[in-house]
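Sharing a structure, written as structure tokens. Questions coming.
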Amino acid sequence: MNPELTMTLPDYQTACGCTDILMHTMERYFTQGESLEITDSIAEGLLRTVMAQAVILRDDPKNYDARAEVMWAGSLSHNNLMGVGKVQDWATHKIEHELGGMFDVAHGAGLAAVWGSWARYVMHANLPRFTRFAVEVMGCEMNYANPEETALAGVAAFESFCRSVGMPSNLRELGLGDITGAQMHEMAVKCTQNDTLKIGGLVRLYAADIEKIYAA
């Protein structure tokens with residue numbers, strides 16, 4: 001892997017690539033079941049690293065060391081190391097794939113636009129996992145009296161990070177503010193093969209659930 005080969009990428013595509021690395025890790029991190037401490041800790045370290053390097057590359061696109069860190073993180077994220085022992089989710093990816101099929105949007109940007117709404121929709125299925133993400137990855141303070149507040153703060157903090165590197169946090173920011181209900185319904189139906197299957201590992205989602213996530 002030669003980081004110099006990535007230096008001519010547009011800034012937007014660099015941010016999209018960083019976002020996709022993050023999401024490939026998060027699709028394996030937000031799961032049901034018991035925690036696997038070593039896998040979870042590696043994932044959290046990778047997420048923090050990619051976020052930090054994405055900010056560096058926003059300000060210094062030719063930074064060799066930052067690009068090297070991102071490339072190494074991408075290899076670790078995509079080789080399924082973070083998925084060992086996990087029932088993986090992948091709902092965000094599948095929801096975004098339909099966006100990319102209907103509209104001219106970059107994959108990483110579409111993932112950033114979808115994730116926060118998905119997270120708020122499913123977080124109560126494993127609230128401790130979202131509070132851990134908020135504290136260990138996003139640096140939020142744990143509110144033991146109200147864990148939901150901590151989880152929501154973590155989602156909001158991730159959305160703020162996305163915006164800070166030029167990524168959207170919703171469909172309007174993605175340039176799809178005029179998307180119609182009919183289009184959302186069509187994408188949700190296609191995502192579930194005419195509502196004959198459910199997607200996701202953390203929460204199994206029907207077409208109606210996916211429509212609500214698009215609308216959010």
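The values are calculated or read from the model by the stated rules, or taken from the named source; none is laboratory data. This one's a predicted model, so the numbers in the text were calculated from it and none came from an experiment. Here the Cβ is made from the backbone with ideal geometry for all residues, glycine too, and neighbour counts use every protein chain on show. Accessible surface areas use protein heavy atoms only, side chains included; no ligands, DNA or RNA. Shrake-Rupley method; radii C 1.70, N 1.55, O 1.52, S 1.80 Å.
If a residue has to be assigned to a helix (DSSP H, G or I), over 17 Å from the mean Cα position of the chain (by Cα) and exposed (fewer than 15 other Cβ atoms within 10 Å of the Cβ) to count, how many in segment 1-51 make the cut?
Applying the first criterion (assigned to a helix (DSSP H, G or I)) to segment 1-51 yields 3-6, 11-29, 37-51.
Checking the rest, the ones that are also over 17 Å from the mean Cα position of the chain (by Cα) come to 3-6, 11, 37-39, 41.
Now drop any that are not exposed (fewer than 15 other Cβ atoms within 10 Å of the Cβ), which leaves 4-5, 11, 37-38, 41.
Final tally of qualifying residues: 6.
Applying the selection to segment 101-151, what residues are within 27 Å of THR14 (Cβ to Cβ), without any contact (Cβ under 8 Å) to a residue 40 or more places away in the chain and surrounded by fewer than 16 Cβ atoms within 10 Å (Cβ to Cβ)?
ASP104, GLY139
Separate question: Which of the residues belonging to segment 74-121 are farther than 27 Å from GLU37 by Cα and part of a loop (DSSP other than H, G, I, E, B)?
PHE103, ASP104, VAL105, ALA106
Related question: Answer yes or no as to whether LEU176 is buried (at least 22 other Cβ atoms within 10 Å of the Cβ), in contact (Cβ under 8 Å) with a residue 24 or more places away in the chain and out of contact with any strand residue (DSSP E or B) (no Cβ under 8 Å at 6 or more places or on another chain).
Details: buried (at least 22 other Cβ atoms within 10 Å of the Cβ): no; in contact (Cβ under 8 Å) with a residue 24 or more places away in the chain: yes; out of contact with any strand residue (DSSP E or B) (no Cβ under 8 Å at 6 or more places or on another chain): yes.
No, not satisfied.
Restricted to segment 179-203, and to residues that are among the β-branched types (Val, Ile, Thr) and either touching a Cys at 6+ places or on another chain (Cβ under 6 Å) or free of Cβ contacts under 8 Å to residues at least 24 places away in the same chain (or both), which residue is most open to solvent (accessible area, probe 1.4 Å)?
Looking at the filtered set, the residue picked out is THR196.
Sticking with this one: Can you go through ASN80, ASN2, ASN63 and tell me which one is on the phi > 0 side of the Ramachandran plot, out of contact with any strand residue (DSSP E or B) (no Cβ under 7 Å at 6 or more places or on another chain) and not acidic (Asp, Glu)?
Details: ASN2 fails: on the phi > 0 side of the Ramachandran plot; ASN63 fails: on the phi > 0 side of the Ramachandran plot.
Among ASN80, ASN2, ASN63, only ASN80 is on the phi > 0 side of the Ramachandran plot, out of contact with any strand residue (DSSP E or B) (no Cβ under 7 Å at 6 or more places or on another chain) and not acidic (Asp, Glu).
Take ALA66 and tell me if it is touching a Cys at 6+ places or on another chain (Cβ under 9 Å) and open to solvent by less than 10 Å² (accessible area, probe 1.4 Å). Outline the logic, then answer.
Working: touching a Cys at 6+ places or on another chain (Cβ under 9 Å): no; open to solvent by less than 10 Å² (accessible area, probe 1.4 Å): yes.
For ALA66, the condition - touching a Cys at 6+ places or on another chain (Cβ under 9 Å) and open to solvent by less than 10 Å² (accessible area, probe 1.4 Å) - is not met.
Among residues belonging to segment 158-169 that are surrounded by 16 or more Cβ atoms within 10 Å (Cβ to Cβ) and on the phi < 0 side of the Ramachandran plot, point out the one that is farthest from the chain's Cα centre (by Cα). Break it down into steps so the answer makes sense when it comes.
Initially, segment 158-169 is screened for residues surrounded by 16 or more Cβ atoms within 10 Å (Cβ to Cβ), giving 158-159, 161-162, 165-169.
Then drop every residue that is not on the phi < 0 side of the Ramachandran plot, which leaves 158-159, 161-162, 165, 167-169.
Values: PHE158: 9, GLU159: 10, PHE161: 12, CYS162: 10, VAL165: 14, MET167: 11, PRO168: 11, SER169: 10 Å.
Checked segment 158-169; the qualifying residue farthest from the chain's Cα centre (by Cα) is VAL165.
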